[in-house]
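*Asks:* My questions all concern the structure below.
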Amino acid sequence: MAHAITAEQERVYGSLLLGRSVLLLGAAGTGKSEFIRHARKHLPGRVAVVAPTGMAAMNVGVGAVTIHSFFQIPPTASGYFQPELFAVKSRVAGLLKNVDYLIVDEVSMVRPDLFDLMESLARRARGKSEFFGGICLLLVGDFHQLPPVIRSEEREPFRANYGFPNAYFFDAKCLRNGELAVVRLTKVFRQRSEKFLDLLDRISRGDVDGALLRELNGRVLGTNSEPQGALIITPYREAAERKNEEELDALPGIVHEYVGQRSGTFLPVNGEELPSPERLLLKEGAAVLFTCNGPKGEWVNGSGGTVKRLARDHIVVQLTARRRTLAVGQHQWSHILPKGDEYVETGTYRQFPLRLGYALTVHRTQGKTCDEIILQRDRRFFAHGQLYVALSRARTIETVHLTQPLSPTDALTDRRVVDYYAGLAGAS
Ligand SMILES: Nc1ncnc2c1ncn2[C@@H]1O[C@H](COP(=O)(O)OP(=O)(O)O)[C@@H](O)[C@H]1O
Ligand SMILES: [Mg+2]
């Protein structure tokens with residue numbers, strides 16, 4: 001759904017029109033992804049939209065692809081990128097020469113080595129020594145949300161090259177030469193209640209006291225009162241998978257299996273997951289989540305529903321939000337890459353646009369809006385920004401539930417992020 005853009009967004013758009021690159025920051029729900037969709041549609045010139053993960057790319061939509069697939073970056077054995085080891089492949093050079101604007105959503109999840117590599121590839125492909133070879137950038141993110149994934153065995157090269165084992169996008173070396181205007185969006189759309197917004201803001205900054213915890217812990221579920229249809233959010237992938245399997249097992253009836261079909265090159269490198277499971281196991285009565293936007297807006301990526309009937313060529317689903325029942329056919333995803341002025345398809349994937357919908361990891365929920373959530377707190381939240389991302393998926397505190405009380409250490413923040421924002425405030 002398109003929204004009118006705000007005055008602060010209008011100013012960002014104005015900068016982009018003048019060819020000035022912008023780093024657009026703003027809390028969860030300030031309409032950053034929505035603004036990308038607007039900019040993508042209206043900017044004059046050729047626009048490419050990328051994101052660090054497949055989920056984030058799907059979330060922003062409009063032909064967005066992962067950074068890895070756009071820049072054709074193969075995985076490396078060490079997992080750490082050194083730009084000088086990467087040649088500019090001719091196909092990537094063609095893409096980069098032809099693009100006027102590069103938009104990156106969820107840039108806060110981009111590692112600095114990857115960003116330095118992107119910059120180096122763009123500069124070399126375009127044969128111009130300026131930052132990104134002169135491509136105008138719109139970089140969008142929120143450093144209070146999830147940080148880039150740096151595995152423990154990868155920390156050493158980050159310490160050696162960037163000075164910190166927990167390196168961020170803003171540590172990228174190319175930013176020293178790059179001119180980025182930093183703009184912060186302030187109006188949050190996803191939540192309306194001032195009280196809930198204040199709570200989320202404090203969680204994001206790690207400013208947690210007894211009163212705030214009591215307020216949140218008032219949302220702990222009593223025994224046998226699990227709200228029907230609420231999404232369980234957990235930091236742990238195995239926990240999410242286990243919960244989905246358990247719930248499916250517990251349902252009566254027989255399991256139907258739907259096998260997805262790939263052709264050509266679909267979803268490449270880097271352990272990216274498919275948009276819908278390749279082996280989709282369902283029963284009638286199962287809770288599901290949609291994994292694409294409905295062709296006529298009947299549902300969006302992330303909408304919830306319940307399986308009513310399983311047929312070979314369609315699945316009848318009742319939407320949770322609107323109580324409407326509809327027949328869902330297979331969906332075809334295209335893996336597309338811009339080539340010259342147009343996008344070309346490198347491969348396709350056909351599957352029903354559904355996955356089991358009882359539980360998701362926090363990582364998968366970043367960018368989404370959820371109707372009702374249960375934060376599973378049998379083990380603690382372990383990463384910076386995790387609790388903030390999970391809580392900020394809800395529109396109101398009444399739609400948030402907890403399995404167990406939270407403790408102050410669940411609201412982890414990284415000193416480096418706090419300092420980064422403090423530096424910005426001082427500069428402006
Ligand atoms: N300009 C706007 N006016 C009204 N609602 C908006 C606007 N921009 C976004 N929204 C709504 O706010 C919610 C969050 O928007 P989104 O773009 O996903 O935020 P972000 O990417 O900053 O987390 C969505 O439900 C979206 O439809
Ligand atoms: Mg977003």
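*Asks:* Which ordering of His144, His314, His331 is given by a fewest-first count of other beta-carbon atoms within 10 Å?
*Replies:* Ordered by Cβ neighbours within 10 Å, fewest first: His314, His331, His144.
*Asks:* When DSSP assigns beta bridges and you keep just the ones with both residues in the chain, what percent turn out antiparallel, to the nearest 5?
*Replies:* 50
*Asks:* Could you give the dipole magnitude of the chain about its Cα centre, charging the beta-carbon of Lys and Arg +1 and that of Asp and Glu -1, in debye to the nearest 20?
*Replies:* Dipole size: approximately 760 debye.
*Asks:* What net charge do the residues around Leu402 carry, taking every other residue with its C-beta under 9 Å from that of Leu402, with Lys and Arg at +1 and Asp and Glu at -1?
*Replies:* Charge balance near Leu402 sits at +2.
*Asks:* Greater than 29 Å separation of Cα atoms is the criterion. Which listed pairs, Lys173/Lys195; Lys41/Lys187; Lys41/Lys308; Lys32/Lys195, meet it?
*Replies:* Long pairs (Cα-Cα over 29 Å): Lys173/Lys195; Lys41/Lys308.
*Asks:* Something else: Take the alpha-carbon centre of segment 74-151, take the same for segment 349-428, and report the distance between them in whole Å.
*Replies:* Cα centroid to Cα centroid, the span is 26 Å.
*Asks:* Can you give the local net charge around Arg205? Use residues other than it whose beta-carbon is closer than 15 angstrom to its beta-carbon, Lys and Arg +1, Asp and Glu -1.
*Replies:* -4
*Asks:* Give me the dipole magnitude in Debye, nearest 20, for segment 1-155 about the Cα centre, with unit charges on the beta carbon: positive for Lys and Arg, negative for Asp and Glu.
*Replies:* 540
Taken together, the values in this text are just the output of simple stated rules run on the coordinates, not laboratory data. Everything numeric in this text was worked out from a predicted model, so none of it was measured. Cβ sites come from the backbone with ideal geometry, for glycine too, and all protein chains shown count toward neighbours.
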